1. Between Arg510 and Glu322, with labels modelled 7 Å along Cα→Cβ, what's the label distance in nm to one decimal, could you check?
2. How do the peptides 527-536, 503-512, 388-397 rank, highest first, by the average count of neighbouring beta carbon atoms within 10 Å per residue?
3. Rank by packing, highest mean first: peptides 514-525, 712-723, 414-425, with packing defined as the count of other Cβ atoms within 10 Å averaged across residues.
4. Checking a compactness column here: for segment 54-177, what do you get for Rg(Cα) / (2.2 N^0.38 Å), N being the number of residues?
5. At most 12 other Cβ atoms within 10 Å and a DSSP loop assignment: could you name the GluC sites (Glu not before Pro) in segment 616-701 that fit?
6. Rounded, prolate or oblate for segment 544-676? Axes are the square roots of the Cα gyration tensor eigenvalues, ordered a ≥ b ≥ c, and the cut-off for rounded is a/c under 1.5.
7. On a 0 to 90° scale, report how tilted helix 730-743 is relative to the longest principal axis of the chain, with both axes built from alpha carbons and the result rounded to the nearest 10.
8. Exposure proxy check: Thr703, Thr172 ranked by fewest other beta carbons within 10 Å?
Amino acid sequence: MEGTAITAEMLQQLYQTDAQPQAERAADVQSNMQSNAANAALQWQQMLQQMQMGEEYEDPPRQNQNPLTGSLYTPRFYYLLEKRQRLPAWAARQEFLKLMQNNQVLVLVGEPGSGKTTQLPQILLDAGYHVQLGQVRAICCVQPTQLATISAATRICEELEVQVGSFVGHVTRFEDRTSGDSLLRFVTEEALFREALEDPLLERYSVIILDEVQQRTCEMDVLLGILKMVMQRRPELKLLLLSSSEEVRKVQSHFEGAPLLKVPHRTFAVEVLHTQEAERDYLKAAVRTTIQVHTTEPDGDILLFLPHEDEIDLACQMLRKEAVHLPVHLDARPIYVGLPLMDIQRAFEPAPSRMGAVKSVRKVVVATNVAETSLCIDHIVYVIDTGLVKQRAYNPRTRVEAQIVTPISKTSALQRARLAARTKPGKCFRLYPERAQSEWPPMIQPEIKRSNLTTMVLMLKRLGFDDVVHFDFVDPPSPEALMRALQTLNNLGCIDNNGNITEVGNQASRLPVDPQIAKMLIEGPKHRCSNEALSIAAMLSSLPVWLRPNDAFRAANEAKARFAHMDGDHLTLLNVFHAYKQQIQDGHDAVRFCAENFISIRAMRHAEVARDSLKVIMESIGLQMVSTDFQDKEYYPNIRRCLVSGFFTQVACLESEKRAAYSMLREGQEVILHPSTSLGHRPEWLVFHELCLSSKLFIKTGTQIKPEWLFDIAPSGYFDAQRINEKCSARAKLDRLLTRRFSQG
Ligand code: CDP
Ligand code: MG
């Protein structure tokens, strides 16, 4: 096996674990589709075929009855239909369907808001793409974020007048809201990976749509590699790649010969204005500029880009406060990943016209870069661009992974400006001087070049791609990052010394969490704490738990202290989870409990869902759910040992108590215990969940451990003195400890 050319035989080998014959698998897929849905879909298809006898594609007849549900359409259906039919994607459907029919892969480029995400799947349904080789199959729409996944599915359900989870549904990390009836399945990238584990050729689908491919997320890039091979095995499978920018040549050339269709879109002129100098405090400058635009510019909504979620909340507060006395009302609405769907929907709604003295209200949407392409808000006339974005960064040498704020790319800057000119001529206010752009990258660097690849590599191994170094990547990741990932998996026991996936690796790949957390869950029964490990895993996979309102800082800190466990932040999280469940069990108001204690109710609900979903998988892979008796003095030590079993690669040793400075054992990197920790003292040894980079490199979520556990739990030799960095005091300490143990026999 040399180079990157993949043959059908190789594919056969890659997927050789999949022994079930194709016909049988197809029958499984078929029987999964509930018969009533299948019948309805087939009848619909027959009707469509009768209508489409001519050469040209014709739209199916619109009757007053919904063919999916049998109900009569409401007036809102026709109202939305009329709006949909005016979208550029709708106008391009003839050409689009012709290209779909004649090609296996199609790249389609269209400006944000042209109807790619919401209209094309419906156009494919209307054209009967849900029936393939005489079977009912689903159309898959892959989105880059959970937010985009749920938002798109919800919108289409509204347009089609069906319930979410019936004919249209969505699958995210811990939640599956689809049924056997679902003809349109909106899934996250990660969810499609998990489906591929069960169904390697993705036979439940007739068409797979990858949305926002220009974003080049790490997961999307790996999916592009996998799908290229699946396509060779399944010539009938169609792949549609959607992009909001023309910078997709790399992706297009990955699929040789794939045509590119550009959806024509009418845009207006946009006037771009720069500041003279860079703004020192971009948040203040952004709020000031927004108010200025609001008071001096004619009608039209404003879109403001900020990199941080909490800055967005803060900016909304500041704007509301500043605008109280202004004659025209200002309605500030946030958009970022992690907000509830209802709030997102609100940002889409037009600003309400007010009755009485004030005629109009101006809407200001304050957003992260999700509003750059994935979620397109109508009626924006003014864009205020800070020129910043928060993105993933990873250094495989120090193993430091962080979200950092960096300048956007030139393409992004252009894209943001264009959003001001979708409905009429607009203006873009850039809070940076024109010359600043000369140093910016032309395009965003593919995420795969700056990501921790541990999870991805485990997935590929599990799918049978043994030689990950020669995998058909659109852009190959750095060899160092690949080596790091293989090393970590080997240390965790997920792959053996020959690089083959182990039983532990198989189990870990089934759990939708990082391999370290997965390992901790797998070791739970051994340490008699699988229930507690599960609760901690759920909390670690949730949203930030602690609310920190600006006007109640002290009260929030006091509340947090009530749950603090002196041995560490993981145990504090466990306390919070237990307290929350106790409230519910006792019939108390959990919402009130959370509000009183400055705990995010959304984080808690998210953790509950995650816990339930992980528990089902743990049981299905044969892990026993056990606990140590709470009165037993080993109750907490067992949990701490279990943490080490997953996170022994993330252990730090105290170097300076005064500065709360620690060193990472292998890398020698200095890291500081974050002031938000619930640890009351500075323990000599810590296991930690993550590092975060701001003014310094901080340890977030750390728990005290005993050094002797390291030898009992980690693979033998992992903590040998010569493998510890020379700069680390841990080297001598562990050496002494080992000698003592040795002499004691
Ligand atoms: O994917 P693309 O950016 O090409 O467009 P889209 O997301 O399909 O959106 C098409 C139109 O539907 C736009 O005018 C959106 O503003 C609108 N839309 C909406 O009103 N509410 C949603 N939840 C999603 C889209
Ligand atoms: Mg879209």
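1. The answer from the label model is 5.4 nm.
2. Descending mean neighbour count gives 527-536, 503-512, 388-397.
3. Highest mean packing first, the order is 514-525, 414-425, 712-723.
4. That ratio works out to 1.08.
5. Taking segment 616-701 and a limit of 12 other Cβ atoms within 10 Å, the loop GluC sites (Glu not before Pro) found are Glu657.
6. Verdict is oblate for segment 544-676.
7. It is inclined by approximately 50 degrees.
8. Thr172, Thr703
Any read-out appearing in this document is the output of simple, stated calculations on the displayed coordinates, not a laboratory observation. No experiment lies behind these values; they were computed from the predicted model shown. Reconstructed Cβ throughout: ideal geometry from the backbone, glycine too, with neighbour counts over all protein chains shown.
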